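The values are calculated or read from the model by the stated rules, or taken from the named source; none is laboratory data. Values in this document were obtained by computation on a predicted structure and should not be read as measured data. FYI the Cβ positions are ideal-geometry reconstructions off the backbone, even for glycines, and counts take in every protein chain you see.
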Amino acid sequence: MTRVRDDLDNEWMRSLAGGEELALNRLMDAWSEPLIAYLTRLTSNAATAADLAQETFVRVYRHRYRFSTSQKFSTWLFAIATNLARNHARWRGRHPEILLEHENLSNLPHAAAHAAPDERAIANERLIAVEKAVVELAHELREVLILATWHGMSHSEIARVQNTSEKAVELRLYRARKMLRELLVDHLGS
C-alpha cells in the first residue's frame with residue numbers, strides 16, 4: 001500500500017470518529033474487495049468470507065474511537081479480520097459441516113485467454129492444486145502466506161496482525177512455503 005493510501009485511510013477514520021458516517025462507506029469501498037479475497041483464501045468459503053468481512057467493518061465502526069492514526073489502517077483492519085476468522089475456525093471445529101466440494105475453486109483466476117487450450121487446462125489444474133494445498137496448511141501458516149503473497153504485507157505488518165514477532169512470521173512463512181512445495185511436488189516437477 002502507498003503512503004497516500006495510508007493517509008487517506010487515516011483521514012477517513014478521523015472523519016468516522018468525528019461523526020461522518022459516510023466515511024465508513026469510503027473505507028468499505030476501498031477495502032471490501034481485498035478483505036474478502038483474504039478471508040476467502042483463509043476460510044475457503046466465499047459466503048463465510050463475505051460475512052466475516054461485513055462483521056469486520058461492523059467492528060471498525062464500533063471501535064472507531066480506539067483507532068490510532070499512528071498505525072496503518074490496513075494492518076488494523078486485517079488484524080480484526082484475522083481474529084474473526086480464527087474465532088470462526090474455532091466455532092467451526094466445534095460445529096463441523098460437511099462440504100460437498102471446495103467452494104473457492106470456482107473463484108480461482110484462470111489461465112490467460114490467449115493461451116492454447118492445453119496450456120490453459122494445465123495452468124488451471126495447477127491453480128486448483130495450489131488452492132487445495134493452501135487450504136491444507138495449518139491456520140497460522142495459511143494466514144502468513146496469504147498476507148505476504150496475495151496482499152503484499154511486510155513481515156512487521158503481518159507480525160502486528162498476528163500479534164507475534166517478525167522472526168515468528170519469517171519462520172512461519174518459510175515453513176508454509178516449504179510445506180506447499182512438498183504438497184505440490186507432483187505439479188511442480190523436480
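Just one of the listed residues (A30, A81, A23) is over 22 Å from E157 (Cβ atoms), touching an Asp or Glu at 6+ places or on another chain (Cβ under 9 Å), of a type in the set (A, V, I, L, M) and in a helix (DSSP H, G or I), namely A23. In this structure, is A112 modelled with pLDDT under 85 and of a type in the set (A, V, I, L, M, F, W, C)? When the stated conditions are applied, A112 passes them. Would you mind stating whether E55 is crowded, with 19+ Cβ neighbours inside 10 Å, part of a helix (DSSP H, G or I), of a type in the set (D, E) and at pLDDT 75 or above? Spelling it out, it is not the case that E55 is crowded, with 19+ Cβ neighbours inside 10 Å, part of a helix (DSSP H, G or I), of a type in the set (D, E) and at pLDDT 75 or above. For region 1-50, taking the residues that are closer than 30 Å to H139 by Cβ and among the hydroxyl-bearing types (S, T, Y), the one that is modelled with the highest pLDDT is identified as S32.
On the basis of being touching a residue at least 40 places away in the same chain (Cβ under 8 Å), over 19 Å from V161 (Cβ atoms) and in a helix (DSSP H, G or I), does Y65 make the cut? No; evaluated as a whole, the condition is false for this residue.
Of all residues in region 3-27, those being within 18 Å of R66 (Cα to Cα) and either touching a helix residue (DSSP H, G or I) at 6+ places or on another chain (Cβ under 9 Å) or crowded, with 17+ Cβ neighbours inside 10 Å (or both) number 16.
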